[in-house]
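Engineer: First the structure, which I've put down as structure tokens, then a few questions once you've had a look.
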Amino acid sequence: MDDFFNNWVVQVRKGVLEHRVLRSLAERERYAYELVREMAAAPGLGLSEGTLYPLMSRLRLNGLVASRLEESTSGPARKYYTLTPEGRQTLAAMDHFLGELNRPEGPKREGGSR
Amino acid sequence: MTQWTQPALALAHRILENHRRRFEAEGADAAEVVADLHAHLDREVERLALSVVTEEDVRRILAAVDPALLDHLPAEGTPISTSDAEPLPVPTSVPPVGPASTPVPSAAPGFVATLFFALLGVLLPLVTVVFEWQQRLCASELFEPFPTGFHIAAVLWVPAAVAVALLRLHSGNTAASAWLRRSVGIAAGIAAFYAVLLLPFQPFAAIGVLYFGIGLLPMSPLISWIVLWRIGSRLAKAAKAGGAPVRRIWPYGLAAFLALWGAMVPETLTQIWARRVAAETEPRPGAALRALRLFGSESALLRACYGSGAQVQRFLGLPTVGEEDARAIYFRVTGKAFNEVRPPLSPMKGAGRGLFREFEWDSDLGGETVGGLASGLSLQSSRIDAMAHAADGWGYTEWTFEFRNDHEGSAREARAILQLPAGGVVSRVTLWVNGEEREAAFAGRAEVRKAYQEVAVIQRRDPILVTTAGPDRVLMQCFPVQQGGGVMRVRVGFTAPLLTLPGSQVAFLWPRIADRNFAVRDSLRHHAWLEIPDGVPDAAVGWDRDAERSQALHASASQAEFERRLSPIRLGRVPANGGGWVKEDRGTEPAWLRRTLEPVPIRGVGRVAVVIDGGMRGAPLAKVVRQAFEKADSTTAPGRFSLWFARDGFRRWPKDRELPDASSVAGAIASWPESFVGGHDPFPALEAAWNWAAGSTNGLVLWIHATQPLTFPTSAGLAQRLERAGVRGPRILDVTDLAVPDRVLESLPASPLLQRMPRVDSLAEDLSRLLWELDGSPTRLAWKIERKVEDPGSPAGPQTSRHVARLWAFEEVHRLLALRRKADAVALASVWQLVTPVTGAVVLETKEQFERNGLSAIDPATAPGVVPEPETWALLLVGATVVLWQAGRRRRKG
């Protein structure tokens, strides 16, 4: 049973992680290092920082987030992520789906609205 | 500052590159993820405050980031299997230390390159700036490189940017320095600006360097630009290696380049408009003059007055406005004389030769105008000794000037227009040569000017020249005041009638400097002393009475006090029986002369034309005139008055309407709808007003004006009318507030119809007195000269000073001139040693110079002085007796 549960948790985490990242960026623009450290420290997710950089790159390639570099006086340029309008729509669809999923009577329909 | 060991760098690179394929397999951009992880590594190093980063640190940090990163790590030296592995990135810290066997690729230039960059990009621009600061070579030969402080700051930016960039490149701390790259871009734009300006001279500079080893300085901007371009490339390389975005810096360079050109736009437009104005022939202003008045740069016009500025035009080889035209336009735009304001020195005037190399050439030397302020030349001391005699109605004043020239390179000519009391005539001119006094020769105006020009301008010896400059004014010029602190001491003495005031009073008036080409230092004091042998003067503002000598007043006044606060001295009532006799024995017909104060009937004044200066400075005068006319109680007569404004031609106000009385003139001034702007040619207005006033007998033109520093070709019409009128025609009475430059009357022929209103009190009070005399007074007191020819012996009564004879001779010269007997006028003025419209005074250094020019200096014994002349002693005794008698009488009464 433990193996099964652990495997299920891994699957859930994978599914939820993108939602968490998009949710976090929906609040405000975030500095990559800060975002990665915040996600890695989030209880329950159990992710390493290294896993998040490929995820962010993937989200950017999918057009859900945008990045920009800002010069820093104390080190390398800082990379900032922000949610694109497309990312905002996706997040809304994800929110809607998760809301429906958690209803006692179950979701009204399958899939997102994108 | 953090330092990475070479193995640590290599390990980080190996670890991250090892996972490229995995990142790609996860659908990510592998290069982006590797770069992100590098940046993450840097941030961790920064957070942990590591001073040296070792392999162990790299392992520890990357393990914390993701333990999987350390899996399947290939051995050191094994090629990484990814085909698109990026070159080893350089972290933001300094180059590695420790057991590195190969140096990290660095953007820092090597020793030789650094040396070249420092020499050509830092030292050469600095040497160029200092050289220009000291020598002003570019400014004097090519163009002014530093027209504003902004340009100086811009030029200094270049070596500063190169120096900082070199230091940062060598410290390795460049990746994040976008501002540094921008600063280099700006510096490159500045260097490009000067390189373009100097582009036409580069071939000559190159030839100079190749063949003579000189001429590197004009190439400095171009060389600096090349250095900056190379440094910019290295900074870009360093930034790229550090993972920082490399943005374009040329927009910053372009902005700096355009800003420096933009700073020249006002001057360029001013020059274009000024050229158009100079080409205009109509007195009414064209669009160019209106544009200049609205948007023109006053400082650019001022530079044009001294033949400098106009960089863009000079660079493009386009014509610029001439100095004379610029001076006229400066007046028409600002209403000021160009030499009233400080010359437009470069912002680099502070020290070095720069200060003294400004305006080397004095284009007015030996001419008949005061011209521009000569740098380095100042009035070092000023002493005025005067004596007045109330009973005879004369005052004699000696004004001693000491000029000093601190200019290092050039001797200077000191020039000034002196405003004498009304009716005054210069009767003595003295120059000190090697501490000895030399007296002047008095001769025809053209002769003395020719002698002065030959001796002063050509031989560059010591002369002084004094000639008239319109009614009651003389132009004094002396040359050379030697450079490097040379001092020239001169004295001008003049005899003037005392001014008559209502109530049998007379007043002694002081001379003024109306125009000058030298500075008057704030610390300078004019020391004035007045002796009145035959009376006790009234106390006056600014004057002190000597405790020991009640017949003397003295004052020590700054230039401003001297101009505005020293009031005339009222000498009380004049005895009715007149003054003493003096023998006129120098003319063709010996005679005895005596001055008496007598009431003379005032001829009823006919039409009165009031002409007001419509220029910028005419506004306060118009207000004073309006107030004076409001208070005046003039006779009402149809068509008695008319009002004119000298403004872009002339305007009569109200249009084509005559005014019946003074109060209607005041009302018309109050309703004048136009603004007072710029400066204007007054001749069209004066001529129209004169023609109108000539419609009645004994007409009067009241010409009320501020500074008039120009002559105009439009004067010919009025000059002709004055000459043809002789003594019959409207008088032109010139009214100003202060003694200001006035070339209007100067450019008209000597005529008894041209007069200046004597200034005793405020302008409002003097105008009120004048208006009262127009109508309110049947008679006024005037000095009359009694002349006895038939009696060969001495008439009864005391003998007095020869100043009485000088004043008679001066009047006689004018009478002879009115009769067109110029030769007789010259002869009489010469024997009586007077400066008149037809004669002048010149002091030359040696007897040979006098003889070569057909002149002879006067016998010093015949020169007047403030020490009473022999004839005066007898009179003084009489005066002293009167004073003692009055004192005794008061004591007996008391």
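The values are calculated or read from the model by the stated rules, or taken from the named source; none is laboratory data. It should be emphasised that the depicted structure is a prediction, and the values quoted were computed from it without experimental measurement. Note that we place each Cβ from the backbone using ideal geometry, even for glycine, and neighbour counts take in every protein chain shown. All accessible areas refer to the heavy atoms of the entire protein, side chains included, with ligands and DNA or RNA removed. Shrake-Rupley method; radii C 1.70, N 1.55, O 1.52, S 1.80 Å.
Engineer: Quick check: anything in segment B:695-709 hydrophobic (A, V, I, L, M, F, W, C) and under 25 Å from the mean Cα position of the chain (by Cα)?
Structural biologist: Checking segment B:695-709: at least one residue is hydrophobic (A, V, I, L, M, F, W, C) and under 25 Å from the mean Cα position of the chain (by Cα).
Engineer: Determine, yes or no, whether B:L198 is free of Cβ contacts under 8 Å to residues at least 60 places away in the same chain and buried (at least 16 other Cβ atoms within 10 Å of the Cβ).
Structural biologist: Here the answer is yes, as B:L198 does meet what is asked.
Engineer: Kindly establish whether B:A244 is modelled with pLDDT under 85, open to solvent by less than 50 Å² (accessible area, probe 1.4 Å), farther than 30 Å from B:H680 by Cβ and in the same structural domain as B:L166 (by TED's automatic domain parsing).
Structural biologist: It is true that B:A244 is modelled with pLDDT under 85, open to solvent by less than 50 Å² (accessible area, probe 1.4 Å), farther than 30 Å from B:H680 by Cβ and in the same structural domain as B:L166 (by TED's automatic domain parsing).
Engineer: How many residues does segment B:299-317 contain that are modelled with pLDDT of 85 or more and either over 16 Å from B:Y330 (Cβ atoms) or surrounded by 17 or more Cβ atoms within 10 Å (Cβ to Cβ) (or both)?
Structural biologist: Total satisfying the criteria: 6.
Engineer: Determine which single condition B:P713 fails, assuming it passes every other condition in (1) under 26 Å from the mean Cα position of the chain (by Cα); (2) under 28 Å from B:A416 (Cα atoms); (3) in contact (Cβ under 8 Å) with a residue 12 or more places away in the chain.
Structural biologist: All conditions pass for B:P713, except number (3).
Engineer: Please specify each residue of segment B:45-75 satisfying the condition of being closer than 14 Å to B:I15 by Cβ, in a helix (DSSP H, G or I) and facing chain A (nearest Cβ under 9 Å).
Structural biologist: B:L62, B:A64, B:V65, B:P67, B:A68, B:L69
Engineer: Does segment B:530-543 contain at least one residue that is surrounded by fewer than 22 Cβ atoms within 10 Å (Cβ to Cβ), closer than 23 Å to B:M476 by Cα and either touching a strand residue (DSSP E or B) at 6+ places or on another chain (Cβ under 8 Å) or not hydroxyl-bearing (S, T, Y) (or both)?
Structural biologist: No: segment B:530-543 contains no residue that is surrounded by fewer than 22 Cβ atoms within 10 Å (Cβ to Cβ), closer than 23 Å to B:M476 by Cα and either touching a strand residue (DSSP E or B) at 6+ places or on another chain (Cβ under 8 Å) or not hydroxyl-bearing (S, T, Y) (or both).
Residue-by-condition table, conditions (1) more than 29 Å from A:E71 (Cβ to Cβ); (2) at pLDDT 80 or above; (3) touching a strand residue (DSSP E or B) at 6+ places or on another chain (Cβ under 6 Å):
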site	(1), (2), (3)
B:L16	no, yes, no
B:R21	yes, yes, no
B:E44	no, yes, no
B:A64	no, yes, no
B:L73	yes, no, no
B:L88	no, no, no
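Engineer: Among B:S642, B:S671, which is open to solvent by 30 Å² or more (accessible area, probe 1.4 Å) and in the same structural domain as B:V744 (by TED's automatic domain parsing)?
Structural biologist: B:S671
Engineer: Tally up the residues in segment A:19-65 that are aliphatic (A, V, I, L, M) and over 13 Å from the mean Cα position of the chain (by Cα), please.
Structural biologist: Looking only at that region, the number is 2.
Engineer: For B:S233, only one of the following conditions fails: (1) over 30 Å from A:K79 (Cα atoms); (2) without any contact (Cβ under 8 Å) to a residue 24 or more places away in the chain. What is its number?
Structural biologist: B:S233 satisfies all of (1) over 30 Å from A:K79 (Cα atoms); (2) without any contact (Cβ under 8 Å) to a residue 24 or more places away in the chain except (1).
Engineer: Would a scan of segment B:46-55 turn up a residue that is more than 29 Å from A:R60 (Cβ to Cβ) and modelled with pLDDT under 75?
Structural biologist: No: zero hits.
Engineer: Within segment B:525-545, identify whether any single residue is modelled with pLDDT under 85, in a strand (DSSP E or B) and assigned by TED's automatic domain parsing to the domain that holds B:V425, and answer yes or no.
Structural biologist: yes
Engineer: Sticking with this structure for a sec: Kindly indicate whether B:I207 is outside any helix (DSSP H, G or I), more than 14 Å from chain A (Cβ to nearest Cβ) and on the phi < 0 side of the Ramachandran plot. It would help to see each step written out before you state the result.
Structural biologist: Numbers: outside any helix (DSSP H, G or I): no; more than 14 Å from chain A (Cβ to nearest Cβ): yes; on the phi < 0 side of the Ramachandran plot: yes.
No: the conditions fail for B:I207.
Engineer: Taking only segment B:350-379 into account, find how many residues are surrounded by fewer than 18 Cβ atoms within 10 Å (Cβ to Cβ) and either farther than 30 Å from B:A446 by Cα or at pLDDT 85 or above (or both).
Structural biologist: Going through segment B:350-379 one residue at a time, the tally reaches 4.
Engineer: Name every residue in segment B:18-34 that is outside any helix (DSSP H, G or I) and either under 22 Å from B:A239 (Cα atoms) or more than 8 Å from every other protein chain (Cβ to nearest Cβ) (or both), in order of residue number. Explain how you work it out, then say what you get.
Structural biologist: First pass over segment B:18-34, keeping only residues outside any helix (DSSP H, G or I): B:19, B:26-29.
Within segment B:18-34, B:H19, B:D29 qualify.
Engineer: Take segment B:103-139 and flag every residue that is under 25 Å from B:Q3 (Cβ atoms), surrounded by 14 or more Cβ atoms within 10 Å (Cβ to Cβ), at pLDDT below 80 and out of contact with any strand residue (DSSP E or B) (no Cβ under 7 Å at 6 or more places or on another chain).
Structural biologist: B:A107, B:A108, B:P109
Engineer: For segment B:794-819, which positions are within 40 Å of the chain's Cα centre (by Cα) and of a type in the set (D, E, K, R)?
Structural biologist: If the condition is that a residue be within 40 Å of the chain's Cα centre (by Cα) and of a type in the set (D, E, K, R), then B:R806, B:E811, B:E812, B:R815 are the ones that fit.
Engineer: Any residue in segment B:422-438 that is under 23 Å from B:P511 (Cα atoms) sitting within a Cβ distance under 6 Å of a residue that is open to solvent by 30 Å² or more (accessible area, probe 1.4 Å) and small (G, A, S)? List the pairs, counting only those 6 or more apart or interchain.
Structural biologist: Going by the 6 Å Cβ cut-off, there are no qualifying pairs.
Engineer: Ok, one more. Just checking, does segment B:457-478 include any residue being part of a helix (DSSP H, G or I) and more than 20 Å from B:V760 (Cα to Cα)?
Structural biologist: Step one: of segment B:457-478, the residues part of a helix (DSSP H, G or I) are B:457-458.
Now drop any that are not more than 20 Å from B:V760 (Cα to Cα), which leaves B:457-458.
Yes, segment B:457-478 contains at least one residue that is part of a helix (DSSP H, G or I) and more than 20 Å from B:V760 (Cα to Cα).
Engineer: Test of understanding: among B:R168, B:R136, which residue is within 14 Å of chain A (Cβ to nearest Cβ) and among the charged types (D, E, K, R)? Before the answer, list the steps.
Structural biologist: Working: B:R136 fails: within 14 Å of chain A (Cβ to nearest Cβ).
Within the list B:R168, B:R136, the selection yields B:R168.
Engineer: With (1) open to solvent by 10 Å² or more (accessible area, probe 1.4 Å); (2) assigned to a helix (DSSP H, G or I); (3) among the aliphatic types (A, V, I, L, M) as the list, and B:L37 as the residue in question, which single condition is left unmet?
Structural biologist: (1)
Engineer: For B:R449, work out the one condition from (1) surrounded by fewer than 24 Cβ atoms within 10 Å (Cβ to Cβ); (2) in a strand (DSSP E or B); (3) within 29 Å of the chain's Cα centre (by Cα) it doesn't fulfil.
Structural biologist: Result: B:R449 passes all but (2).
Engineer: Something else: Pairs under 9 Å by beta carbon, first residue closer than 20 Å to B:R415 by Cα and β-branched (V, I, T) in segment B:503-528, partner open to solvent by less than 50 Å² (accessible area, probe 1.4 Å) and not in a strand (DSSP E or B), six or more apart or different chains?
Structural biologist: B:I513/B:Q559; B:I513/B:F562; B:I513/B:A739; B:V520/B:S558; B:V520/B:Q559
Engineer: For segment A:1-97, which fully contained helices (runs of 4 or more DSSP H) count at least 2 residues that are buried (at least 17 other Cβ atoms within 10 Å of the Cβ) and away from every other protein chain (no Cβ under 13 Å)?
Structural biologist: In segment A:1-97, A:2-27 are the helices (runs of 4 or more DSSP H) which contain 2 or more residues that are buried (at least 17 other Cβ atoms within 10 Å of the Cβ) and away from every other protein chain (no Cβ under 13 Å).
Engineer: I'd like the full set of residues that are polar (S, T, N, Q), buried (at least 19 other Cβ atoms within 10 Å of the Cβ) and more than 27 Å from the chain's Cα centre (by Cα), limited to segment B:735-767.
Structural biologist: Hit for segment B:735-767 is B:S751, nothing else.
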